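The values are calculated or read from the model by the stated rules, or taken from the named source; none is laboratory data. On a predicted model such as this, the values are computed, not experimentally measured, just so you know. Cβ placement follows ideal geometry from the backbone for every residue including glycine, while neighbour counts extend to all protein chains displayed.
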Amino acid sequence: MNIPSTTLNNGVEMPLLGLGVNTPRQNNEVQSSIEWALEAGCRLIDTAAAYGNEREVADAIRSSGIPRSDIFITTKVWNEDQGYNRTIRAFNRSLERLGIDVVDLYLIHWPIKEHRHDTWRALEKIYSQGKARAIGVSNHYPAHLDELLTKAQVIPAVNQIELSPYSYLPDILAYHRQKNIQTEGYAPLVRGQKQNDPRLVELAEKHGKSTYQVLIRWSLQHGVVTIPKSVKRERIQENFDVLDFVLSEEDMALLDTFYDNTRIADDPRNIP
């Protein structure tokens with residue numbers, strides 16, 4: 001499987017479809033899911049210090065036999081580690097747990113008001129030292145980015161936000177395009193909450209696909225890097241089997257109307 005990629009604002013290539021990993025519920029869950037994803041053609045793994053599984057990510061990549069250079073690894077600095085010096089220390093701990101010298105993408109996990117500029121300054125330092133191929137943010141909305149950009153020397157390459165048709169805010173994607181920031185969407189499957197939406201079911205039946213595959217395809221066709229999570233082998237394989245169909249303009253327009261602000265995570269618009 002040849003998963004398409006996007007070129008970030010600094011020229012780095014990033015796969016458009018990957019695997020999001022979260023806090024493991026049982027032993028080997030994360031490692032197994034990554035191994036299955038890599039077998040399915042995945043080459044983008046999204047983790048975070050807060051998930052507590054960076055070592056499992058490293059173990060899975062090692063056991064896969066796939067060259068490190070072929071895999072795009074993202075991790076993030078957690079809220080309590082923000083601030084210039086603490087971020088530098090947290091980043092070095094992440095590198096140690098991941099067993100790598102360079103991370104492909106390092107993100108600020110959430111916009112913590114009192115630390116935003118110092119944390120970003122730390123990411124710029126990490127980037128200037130070549131320890132991260134790209135840097136960006138997560139859960140930042142235009143007001144947060146506007147503030148960050150008043151002092152930033154480097155434009156974030158990526159903003160990772162919760163994104164599905166049910167949380168779709170077109171103005172945010174337009175803002176990213178204007179600023180040349182790549183949108184990355186997490187929770188595209190809304191943790192299964194919408195799998196029985198009759199409108200979604202009808203679209204899935206029309207294309208002979210699952211509702212989950214339609215949700216992933218919608219995100220990809222918006223040009224969004226998409227990172228569905230799963231720990232089930234069949235579901236992981238299904239999530240990557242989305243490159244053989246296309247949603248029509250009418251399908252996309254319909255899905256774009258599904259917004260009801262259903263979210264898995266907190267709404268960043270409530271963060272000052």
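Observations, loosely collected:
- Looking only at the stretch 189-209, and only at residues there that are under 16 Å from Glu238 (Cα atoms), of a type outside the set (A, V, I, L, M, F, W, C) and out of contact with any Lys or Arg (no Cβ under 9 Å at 6 or more places or on another chain), the one that is surrounded by the most Cβ atoms within 10 Å (Cβ to Cβ): Gln195
- Test: residue in the stretch 140-150 that is without any contact (Cβ under 8 Å) to a residue 24 or more places away in the chain, of a type in the set (Ser, Thr, Tyr) and under 22 Å from Lys113 (Cβ atoms): yes
- Restricting the search to strands (runs of 3 or more DSSP E) fully inside the stretch 9-121 and requiring at least 1 residues that are under 18 Å from the mean Cα position of the chain (by Cα), of a type in the set (D, E, K, R) and buried (at least 19 other Cβ atoms within 10 Å of the Cβ) gives 44-46, 72-77.
- Filter pass, Leu215 being at pLDDT 95 or above and surrounded by fewer than 24 Cβ atoms within 10 Å (Cβ to Cβ): no
- Residues of the stretch 44-83 that turn out to be touching a residue at least 40 places away in the same chain (Cβ under 8 Å) and among the aromatic types (Phe, Trp, Tyr), as a count: 1
- Selection status of Arg116, modelled with pLDDT under 95 and charged (D, E, K, R): yes
- Subset of the stretch 64-89 (residues that are under 24 Å from Gly18 (Cα atoms) and in contact with a strand residue (DSSP E or B) (Cβ under 8 Å, 6 or more places away or on another chain)): Ile71, Phe72, Ile73, Thr74, Thr75, Lys76, Val77
- Residues in the stretch 33-77 that are under 13 Å from Gln160 (Cβ atoms), out of contact with any helix residue (DSSP H, G or I) (no Cβ under 6 Å at 6 or more places or on another chain) and of a type outside the set (A, V, I, L, M, F, W, C): Asp46, Thr74, Lys76.
- Residue within the stretch 164-174 that is in contact with a strand residue (DSSP E or B) (Cβ under 9 Å, 6 or more places away or on another chain) and part of a helix (DSSP H, G or I) present: yes
To keep it simple, each residue is scored yes or no on (1) surrounded by fewer than 18 Cβ atoms within 10 Å (Cβ to Cβ); (2) among the aromatic types (Phe, Trp, Tyr); (3) free of Cβ contacts under 8 Å to residues at least 60 places away in the same chain; (4) farther than 30 Å from Glu124 by Cβ.
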{"site": "Glu162", "(1), (2), (3), (4)": "no, no, no, no"}
{"site": "Tyr166", "(1), (2), (3), (4)": "no, yes, no, yes"}
{"site": "Lys179", "(1), (2), (3), (4)": "yes, no, yes, no"}
{"site": "Glu234", "(1), (2), (3), (4)": "yes, no, yes, yes"}
{"site": "Met252", "(1), (2), (3), (4)": "yes, no, yes, yes"}
